[in-house]
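The values are calculated or read from the model by the stated rules, or taken from the named source; none is laboratory data. This is a predicted model, so every value here is computed, not measured. A quick note on method: Cβ atoms are made from the backbone with ideal geometry, for glycine too, and the neighbour counts reach across all protein chains shown.
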Amino acid sequence: MKTIRRWGGFRERNDVAQAVNPDGLTVRRGSHRLTFLALAAVLVGLGLAALALGPVAISPDRVIATLFGAGDGVESAIILQIRLPRLLLGIAVGTALALAGASLQGVLRNPLADPGLIGVSAGATVGAVLVIVVGERFGAGLPDALRPWLLPGAAFLGAGVVIAFVFALARRGGETSVATLILAGVAVNTVAGAIVGVMVYISDDQQLRDLTFWTLGALSASSLQTTLIASAIALLTVPAFIRGTRALDLFQLGERAAFHSGLNVERAKVVVALATAVSVGAVTAAAGPIGFIGLVAPHLARMIVGPSHAFILPTAVMLGVALILAADLAVRLAVPPAEPPIGLATSIIGGPFFLWLLIRNRGRLHA
């Protein structure tokens, strides 16, 4: 008898596993244990370095002592008030962008899909920029308890509108055209850039300074309250992504084959779209637009652990967080005490990587 299990309305048969795996090999859960342990060790090292290194260096033993409440006043202020919130935001950003990128690539069956490339990050940016420039005029009447939610809420709304628009535009004949999706993303990015330009033009000096640094991306760009809110919202979407691993595997068969295998295709797309809009909108509101993590991390994960999304998603999360923390350390230590925006560092890595992917996957753009 064929086993059927349910996931949020998805009916999945275990007899499709061999079809998803082109080599017909059964993937054992323990086969990538060493990979996960190695990546976890790298993350621990990067996390410790993020707390220890900077214009004021603190030894690792003092960092650990401070985390357990035994640090002096200066060490506690630096680590607990500046570097620890920055580390937590980096974890949230890397997690959200990696999961969104891996899920979009799985749904669309194309390694070029990315929240930034299809305009989701641009939509979140427009929402956040509108709040930065004109938010005080419309948010003055809001209760004090709701004001911190205005920025992440506007970013989520912008991301949600864009992802709904590009998916609807790319839908044709019961399937989603990747080429149309990417072209729609290019158009959305262009329009979003024009709107941001208008906001820059009408902003005052302080708003202009805030916009300039925010649009380049930085883990230290927002207040602690906004950071905690955005990080909590982004991390709440993690179960929605993780529970969809089998659905993403079924998408590799094609939408029609996935449907005939018992998958509620449209509902799966809605789950991925909503989770992407919420998570990307939240972290973009806190850290600004940070590009290419959602492109690079899932592709590296796929190269390391193979095609099964049960392994791709957690590996992509670890790689995404590692890339964010490494980029943040690089900009923090490049020209201290000044800090170039982290978005510049990720673009330097991601731009050439995207060109390499584009050349390698030219034929798939016509799918």
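A few comments on the model shown:
- Within the range 279-308, the residues that satisfy the criterion of being in a helix (DSSP H, G or I), buried (at least 20 other Cβ atoms within 10 Å of the Cβ) and over 16 Å from the mean Cα position of the chain (by Cα) are Arg302, Val305.
- When every residue of the range 69-91 is checked against the conditions, at least one turns out to be under 30 Å from Phe241 (Cα atoms), small (Gly, Ala, Ser) and within 20 Å of the chain's Cα centre (by Cα).
- Among residues of the range 334-353, those that are surrounded by fewer than 21 Cβ atoms within 10 Å (Cβ to Cβ), hydrophobic (A, V, I, L, M, F, W, C) and either under 14 Å from Ala218 (Cα atoms) or in contact with a helix residue (DSSP H, G or I) (Cβ under 6 Å, 6 or more places away or on another chain) (or both), counted: 3
- Test: residue in the range 248-261 that is part of a loop (DSSP other than H, G, I, E, B) and modelled with pLDDT of 85 or more: yes
- Screening Ala102, Ala98, Ala38 for residues that are at pLDDT 90 or above and within 16 Å of Gln252 (Cβ to Cβ) leaves exactly one candidate, Ala102.
- When each of Arg256, Arg209 is tested for being surrounded by fewer than 15 Cβ atoms within 10 Å (Cβ to Cβ) and farther than 22 Å from Ile290 by Cα, the lone residue that passes is Arg256.
- In the range 319-330, the residue that is surrounded by the fewest Cβ atoms within 10 Å (Cβ to Cβ) out of those that are of a type in the set (A, V, I, L, M, F, W, C) and within 12 Å of the chain's Cα centre (by Cα) is Leu319.
- Unmet criterion (only one of (1) of a type outside the set (Phe, Trp, Tyr); (2) under 14 Å from Gly288 (Cβ atoms); (3) touching a strand residue (DSSP E or B) at 6+ places or on another chain (Cβ under 8 Å)) for Leu108: (2)
- Members of the range 114-150 that are under 16 Å from the mean Cα position of the chain (by Cα), modelled with pLDDT of 80 or more and not acidic (Asp, Glu): Pro115, Gly116, Ile118, Gly119, Val120, Ser121, Ala122, Gly123, Ala124, Thr125
- Residue that is in contact (Cβ under 8 Å) with a residue 60 or more places away in the chain, under 30 Å from Gly306 (Cα atoms) and not small (Gly, Ala, Ser), where the choices are Thr180, Thr245, Thr215: Thr245
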